[in-house]
Structure formats: structure tokens, C-alpha cells
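Values quoted throughout were computed directly from the atomic coordinates according to the rules given, and no laboratory measurement underlies them. Because the structure is predicted, anything quoted here is derived from the model rather than measured. Every residue, glycine as well, gets a Cβ built from its backbone with ideal geometry; the counts of neighbours run over all protein chains shown.
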Amino acid sequence: MSIDVRADATPNPNAMKFTAAKKMFDGRVIAKKGDQAEHEIAAKLLSIEGVDNIFGYEDFVTVNKTFDADWEDLLPKIEEVFNSL
């Protein structure tokens, strides 16, 4: 099973919004690198090298990258997380 998501750029070049066709979170999830994220999606996203923090709410999650990370490298890894669920 996988979650279909659409990636959208945001005004912040270090953040991308991923919107799913279904609800991923019950309420709000905010976590940063080093946190013990209880939510599976949050934990998997934060385990990716270059992901700094995430903000999720119901059907979307915004992923913020570190300044030195490149979206070209991160996007396939982020998509892999959604495909593994």
C-alpha cells in the first residue's frame, strides 16, 4: 500500500508541501531532526539525511530541508517514504 501525494513548492525554497489524497495525520504533527517522532510518517521523513523538520496536518505535510541539502536528492527519498506505507 502506498500514499499518493502531490508535491508543491512553497514561497520558502527550503520547504515543500506534500498533499495526499487521504488523511495522514489526526491533528497536528510538528517534529524536528533529533525528535522522537511517534507518528510513522514523521519518523521516516526525519530519518532522511537533509530533512530538518516537518509540519503535518490531516492530509498534508510540509518538509523543510537543511540549507545544504538539494531537493533533487531529497525528493526520491521522500517519495519512497510515501510508497512504503
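Excluding same-chain pairs closer than 8 in sequence, count the lysine pairs in the chain whose Cα atoms lie under 18 Å apart.
Qualifying lysine pairs in the chain: 15.
Could you let me know the centre-to-centre spacing of segment 1-19 and segment 64-85, using Cα atoms, in angstrom?
Each part reduced to its Cα centre gives a spacing of 10 Å.
Residue by residue through segment 25-34, which ³J(HN,Hα) values in whole Hz follow from phi under the Karplus form 6.51 cos²θ - 1.76 cosθ + 1.60 (θ = phi - 60°), with glycine and proline marked x?
Values, residue by residue: 10, 9, x, 9, 10, 10, 8, 10, 3, x Hz.
In a Gaussian network model over the chain where Cα atoms closer than 10 Å are linked, find which of 44, 23, 33 has the largest mean-square fluctuation.
Its mean-square fluctuation being the largest, the pick is 23.
Taking the Cα centre of the chain as origin, sum charge times position over the Cβ atoms of Lys and Arg (+1) and Asp and Glu (-1), and report the length of that vector in debye to the nearest 20.
240
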